[in-house]
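The values are calculated or read from the model by the stated rules, or taken from the named source; none is laboratory data. All figures in this text were calculated on a predicted structure; none of them were measured in a lab. So basically every Cβ, Gly included, is an ideal-geometry build from the backbone, and we count neighbours across all protein chains shown. The protein model used for the area step is the full one, side chains on, heavy atoms only, and it has no ligands, DNA or RNA in it. Shrake-Rupley method; radii C 1.70, N 1.55, O 1.52, S 1.80 Å.
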Protein chains: 2
Amino acid sequence: MNAPEKLQQLLTLTREPFPASTKVHAQGSRADLRVPMREIALTNGERVTVYDTSGPYTDPTVAIDVRQGLAPVRAGWIADRADTETYSGRQRVALDDGGKHEERDGGRIEALRAEAAGLQRTPRRAKAGANVSQMHYARQGIVTPEMEYIAIRENGKREWMREYLQDAEREARLKGNAMGARIPDLITPEFVRDEVARGRAVIPANINHPEVEPMIIGRNFLVKINANIGNSAVTSSIEEEVEKLVWSIRWGGDTVMDLSTGKNIHTTRDWILRNSPVPIGTVPIYQALEKVGGIAEDLTWEIFRDTLIEQAEQGVDYFTIHAGVRLPFVPMTTKRRTGIVSRGGSILAKWMITHHKENFLYTHFEEICEIMKAYDVTFSLGDGLRPGSGADANDEAQFAELRTLGELTQIAWKHDVQTMIEGPGHVPMHMIQANMDEQLKHCKEAPFYTLGPLTIDIAPGYDHIASAIGAAMIGWMGTAMLCYVTPKEHLGLPDRDDVKQGIIAYKIAAHAADVAKGHPGQRARDDAMSKARFEFRWRDQFALGLDPQTAEAYHDETLPKDSSKEAHFCSMCGPKFCSMKITQDVRDYAEQGMAQKSAEFKAQGGEFYIPIQPAGQA
Amino acid sequence: MNAPEKLQQLLTLTREPFPASTKVHAQGSRADLRVPMREIALTNGERVTVYDTSGPYTDPTVAIDVRQGLAPVRAGWIADRADTETYSGRQRVALDDGGKHEERDGGRIEALRAEAAGLQRTPRRAKAGANVSQMHYARQGIVTPEMEYIAIRENGKREWMREYLQDAEREARLKGNAMGARIPDLITPEFVRDEVARGRAVIPANINHPEVEPMIIGRNFLVKINANIGNSAVTSSIEEEVEKLVWSIRWGGDTVMDLSTGKNIHTTRDWILRNSPVPIGTVPIYQALEKVGGIAEDLTWEIFRDTLIEQAEQGVDYFTIHAGVRLPFVPMTTKRRTGIVSRGGSILAKWMITHHKENFLYTHFEEICEIMKAYDVTFSLGDGLRPGSGADANDEAQFAELRTLGELTQIAWKHDVQTMIEGPGHVPMHMIQANMDEQLKHCKEAPFYTLGPLTIDIAPGYDHIASAIGAAMIGWMGTAMLCYVTPKEHLGLPDRDDVKQGIIAYKIAAHAADVAKGHPGQRARDDAMSKARFEFRWRDQFALGLDPQTAEAYHDETLPKDSSKEAHFCSMCGPKFCSMKITQDVRDYAEQGMAQKSAEFKAQGGEFYIPIQPAGQA
């Protein structure tokens, strides 16, 4: 691709549906509850339906204008609950966009802001004394439309799966090992409610993000993945910023974290949120740090608190809060090979050692809970002391913080605030299980959300693979969401292709975990693929894969002709010899053998006992 | 890269050493026993030595002419044993190169053959009644130079590792879980001998392949990987064929399988063997099938036997022999989702059902053993009934064959013939351990050699990742060698970059397994990388990685300047804020804190008990 083409691609939203795919909706109990799925039409007439994170972007019937944002699918549900109110909101200040940097942009951002004035919404918050978290509703016994939506979404369409799952021998043999998860055959709205009430699952869905298509994160649900994006150094268009999101969810990002720093972060976050059908997470301390000119020790609780409210009003669905990085743990990191590698963790360490005071996120934790429940923002309790190398895995600092996150989880739950726990990082394979065990023990099954983990340190340029190994394993063991790692990890900023590579590697890890856990029906897509392979339905193989275009392009490299898409052979053995074809001969043989034996039996007068043939003759 | 450049690359051997790397040799007990390693010179003066599969190609001091072949490093050892003799060898016939195809080549191959006349060697075989297998020597209590070579090679240079492994807390915390393997602190030649004698490890080293740099495959040694290559449709030069090998071992292939089919396979195999420092494996039935024009049912024991001798004389180090595909197992495959997917397995199934006779490899197994021990060819007992989809994993057919391979292992061992066992294939994560358990049980710890396994089926284009997950896990559990899978698996023939991608993914899997098993010193390279990361030694990070050029190229994409190679920040956070830098502040703080406490202690008159500060003030 040449440079102008590449630029054009960046400036255009990717809206092409996947090959052979159509957006379909499963209808819920109310007219405005329609759960999107991707239906793949196979050449043999089968219809395979798969989980779809891509939102309306892959639906050609929906007109999208990034200056207006997506339709607020949850607006009616939120309004019906009648426990929120609109209000004037916090006054926006220049510093929200990192004032010091703004001048560089030559006024371009002002023009873009004016262009996107349609994205400004009046914020909403809980009425005085109300708690609008999904956990609070769940504990009141209320099944919200979000919960019903999720139940439908998690089940998928079981009809087509059944054909693949009816062989009793195969089902018994392939039975998953849930590793302690308790996954029901069918997800009911009541099950979703119960899991959220217990804190075993979270539904990140800020009341100011009505555009979100609800999804759930918990060990008894499908394993999810997160992709990270950041703002551009020089924004050329709103589409450019939104396209990063669209690209990430196209390939399967279940949530997206906006890790923007520097200038225009408030404004670009508006653009992303209003155009995002997936939950958006942030690390608010990044923006707070910008507001104090990048000087960690100048941070204050007031500035941080103001930033939380700013972002909660915009609609951020989950906040990474590094409240477990406590002062006494900081010296535990000095013997480490790689010290503190979390950006948030090191900001707070710097603040604490400068002031010789306890982490203000820890000391103000209950006040943070008050904000979270007024907007239903979910905690993602950050692991600021995660290991940055295999050498530091599972050390004193890491586990001291994890235990603190467990204590904080109890406090958050006391406030009915949804909570998940972030995990490492860099962990050799044999030390992964201990991470899961400790997390389950101390955090009482609050969803675990890990970065990888990377199993080795010597693969720069390939850390998406080094970490997909750890991610698949910990996903199987019970981690609910896997934060992706791209090939650029440790080296540079991921470009468009790196993002895709990272997401695909993590879709593989997540699906491998789902299959191993035995999530009902999850194996069916693999089985449909295998059937398509055996029947040489090449186009169906492409369509059923995680990346149809790449699969087709690879096939074309060896056998470019259209006719070979229907050919009953492939490039590995060529047309003369094909093992799959021989299998058909074997089947015919087995059947003939039966028929012949049957004829022999009849010819012999139907006696059940016949003389044994000498060995070697049969 | 443009087309002429690409062609030039294919026609030139890649001989450039890795960045900052030099070939060094560790001297053994005899002058001609020099074990090559790669020494990486770090910018801080450290010297890191790593296992080196690349042979003399990365040694600029060695002149290489592919028309003459590599120096026969083992020639003296073989001669000294005085148990072999040269002989005229089998008469070469046109059919060896797939006679029917030859005319197409317009005489080009004849010219190339003449050009490479220097590669023709007189074959060698065991003297009448002798057994020249490493297993036979081992069982006689003989420590061969090959065994000593391997001991040195497996240990690597422990001196530099020690610095990284001296922290007692860290070593206790990171202690590997060997999963039943018994890995000694130091590999001695006697240990190698004992493992080979027990059959728990193999040294693939045909006496007609004196060019091989000995290596070992066994659960108590480093996990190895295999890469596959095949001949070109139209051979343009000898370099072109040899370069595939050179490219594969450059990135870390421990052995290479030549899976050529079609024309000129005998001749290209000569070129590869004479130029290969790694063991070469083949699937002889592929060539035998060519000799009968691709008609499986026309195969005979005599044609197959002749092919074994042909290849043994050339120097092939291990043969995949599908002797476990027995007639009674064939009908077990009819209920499968994907039937028989092994090429060898389906050839034999076709033969058996056509003739309604038992597999001739099974019935002639002891005769095959006689050939193996006359040249020291190692068995790789093929899994012709391996599952071709997750749906078929661990089924009756697969495990029936595995039990048969266990029986055949006993027969091979009776003849002192080295034996490893091939394994799947497609296996969901939760079913991998059963594969290892069954193999260990039935094959009595004969080395397991698996293809992947692929953990899911829906990732065409990314099956190197889907399978690296399974490979890392089964490697940890005890698999001794991992056969790579490329991104083109299921889609087409791998090109140069696909081969590299597959190898790197498998080096990651193998190293992750070694670290998890706790192979002594294997973690040190990761630790050196982590230290380089923490100290912002960018060039050292590149040099220590599995693919230095890619790592550097990725770094350059964001920070292209040479000066940023020494910069104490990276593109992730930029120069203003750096978590690694903050860690240094933390260390200073911890030390100052100590100093301050110490000063306070002295100021207070050195009392050991001082009043406890109220909480929140410390």
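Output yes when any residue across the range B:370-381 is surrounded by fewer than 24 Cβ atoms within 10 Å (Cβ to Cβ) and within 14 Å of chain A (Cβ to nearest Cβ), and no when none is.
Within the range B:370-381 (the criterion being surrounded by fewer than 24 Cβ atoms within 10 Å (Cβ to Cβ) and within 14 Å of chain A (Cβ to nearest Cβ)), the answer is no, since none of the residues qualifies.
Just the residues that are within 7 Å of another protein chain (Cβ to nearest Cβ) and either in contact (Cβ under 8 Å) with a residue 40 or more places away in the chain or under 22 Å from the mean Cα position of the chain (by Cα) (or both), please, taken from the range A:543-560.
Of everything in the range A:543-560, those that are within 7 Å of another protein chain (Cβ to nearest Cβ) and either in contact (Cβ under 8 Å) with a residue 40 or more places away in the chain or under 22 Å from the mean Cα position of the chain (by Cα) (or both) turn out to be A:544, A:545, A:546, A:547, A:550.
Within the range A:321-350, how many residues are part of a helix (DSSP H, G or I) and either over 11 Å from residue B:585 (Cβ atoms) or not assigned by the TED database to the domain that holds residue A:422 (or both)?
Here the count works out to 11.
Taking into account only those residues within the range A:287-327 that are free of Cβ contacts under 8 Å to residues at least 12 places away in the same chain and not charged (D, E, K, R), which is nearest to the other protein chains (Cβ to nearest Cβ)?
A:294
Filter the range B:522-537 down to the residues that are more than 7 Å from chain A (Cβ to nearest Cβ) and open to solvent by 10 Å² or more (accessible area, probe 1.4 Å), then identify the one that is farthest from residue A:341 (Cα to Cα).
B:522
For residue B:258, are the conditions met, namely being modelled with pLDDT of 95 or more and over 25 Å from the mean Cα position of the chain (by Cα)?
no
Output the number of residues of the range A:107-125 satisfying the condition of being among the β-branched types (Val, Ile, Thr), assigned to a helix (DSSP H, G or I) and either open to solvent by 40 Å² or more (accessible area, probe 1.4 Å) or modelled with pLDDT of 90 or more (or both).
0
Sort through B:178, B:205, B:197, B:227 and tell me the only one that's open to solvent by less than 30 Å² (accessible area, probe 1.4 Å), among the small types (Gly, Ala, Ser) and assigned to a helix (DSSP H, G or I).
B:197
Give the range B:338-369 a look and list any residue that's at positive phi and surrounded by 21 or more Cβ atoms within 10 Å (Cβ to Cβ), or say none.
Listed by number, the list holds a single entry, B:339.
Can you tell me which residue within the range B:299-337, out of those that are open to solvent by less than 10 Å² (accessible area, probe 1.4 Å) and of a type in the set (A, V, I, L, M), is modelled with the lowest pLDDT?
B:330
Only one of B:500, B:488, B:507 is outside the structural domain of residue B:583 (by the TED database), open to solvent by less than 10 Å² (accessible area, probe 1.4 Å) and either closer than 22 Å to residue B:469 by Cα or of a type outside the set (Val, Ile, Thr) (or both); which?
Within the list B:500, B:488, B:507, the selection yields B:488.
Residue by residue, here is whether (1) within 12 Å of residue B:192 (Cα to Cα); (2) out of contact with any Phe, Trp or Tyr (no Cβ under 6 Å at 6 or more places or on another chain) holds:
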residue: B:137; (1), (2): yes, yes
residue: B:143; (1), (2): yes, yes
residue: B:147; (1), (2): yes, yes
residue: B:150; (1), (2): yes, yes
residue: B:154; (1), (2): yes, no
residue: B:164; (1), (2): no, yes
residue: B:167; (1), (2): no, yes
residue: B:171; (1), (2): no, yes
residue: B:174; (1), (2): no, yes
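Only residues that are surrounded by fewer than 22 Cβ atoms within 10 Å (Cβ to Cβ) and over 30 Å from residue B:529 (Cα atoms): list them for the range B:133-156, please.
B:136, B:139, B:140, B:141, B:142, B:143, B:145
Can you tell me how many residues in the range B:463-476 are within 7 Å of chain A (Cβ to nearest Cβ) and open to solvent by 10 Å² or more (accessible area, probe 1.4 Å)?
Going through the range B:463-476 one residue at a time, the tally reaches 1.
Restricting the search to the range A:536-563, which residues are farther than 22 Å from residue B:260 by Cβ, at pLDDT below 80 and part of a helix (DSSP H, G or I)?
Those that are farther than 22 Å from residue B:260 by Cβ, at pLDDT below 80 and part of a helix (DSSP H, G or I): A:562, A:563.
Given the residues A:159, A:171, which is the only one that is assigned to a helix (DSSP H, G or I), within 14 Å of chain B (Cβ to nearest Cβ), among the acidic types (Asp, Glu) and open to solvent by 40 Å² or more (accessible area, probe 1.4 Å)?
A:171
Tell me which of these residue A:357 doesn't satisfy, since it passes every other one: (1) part of a helix (DSSP H, G or I); (2) under 23 Å from residue A:411 (Cα atoms); (3) at the interface with chain B (Cβ under 10 Å from one of its Cβ atoms); (4) of a type outside the set (A, V, I, L, M).
(1)
Could you figure out which of (1) touching a residue at least 60 places away in the same chain (Cβ under 8 Å); (2) surrounded by 22 or more Cβ atoms within 10 Å (Cβ to Cβ) isn't true of residue A:165?
Result: residue A:165 fails condition (2) only.
Taking the range B:247-271 as the search range and keeping residues that are part of a helix (DSSP H, G or I) and out of contact with any Lys or Arg (no Cβ under 8 Å at 6 or more places or on another chain), which one is nearest to residue B:235 (Cα to Cα)?
Only one residue tops the list, namely B:268.
Do any residues in the range A:168-195 that are in contact (Cβ under 8 Å) with a residue 24 or more places away in the chain have Cβ atoms under 8 Å from those of residues that are assigned to a loop (DSSP other than H, G, I, E, B) and open to solvent by 70 Å² or more (accessible area, probe 1.4 Å), where the two are at least six apart or on different chains, and which pairs are they?
If the second residue must be assigned to a loop (DSSP other than H, G, I, E, B) and open to solvent by 70 Å² or more (accessible area, probe 1.4 Å), the pairs left are A:193/A:142.
Which residues, counting only those in the range B:513-530, are part of a helix (DSSP H, G or I) and touching a residue at least 40 places away in the same chain (Cβ under 8 Å)?
Correct list: B:513, B:514, B:515, B:516, B:517, B:524, B:525, B:527, B:528.
Is there a residue being among the hydrophobic types (A, V, I, L, M, F, W, C), farther than 20 Å from residue B:528 by Cβ and within 14 Å of chain B (Cβ to nearest Cβ) anywhere in the range A:403-417?
no
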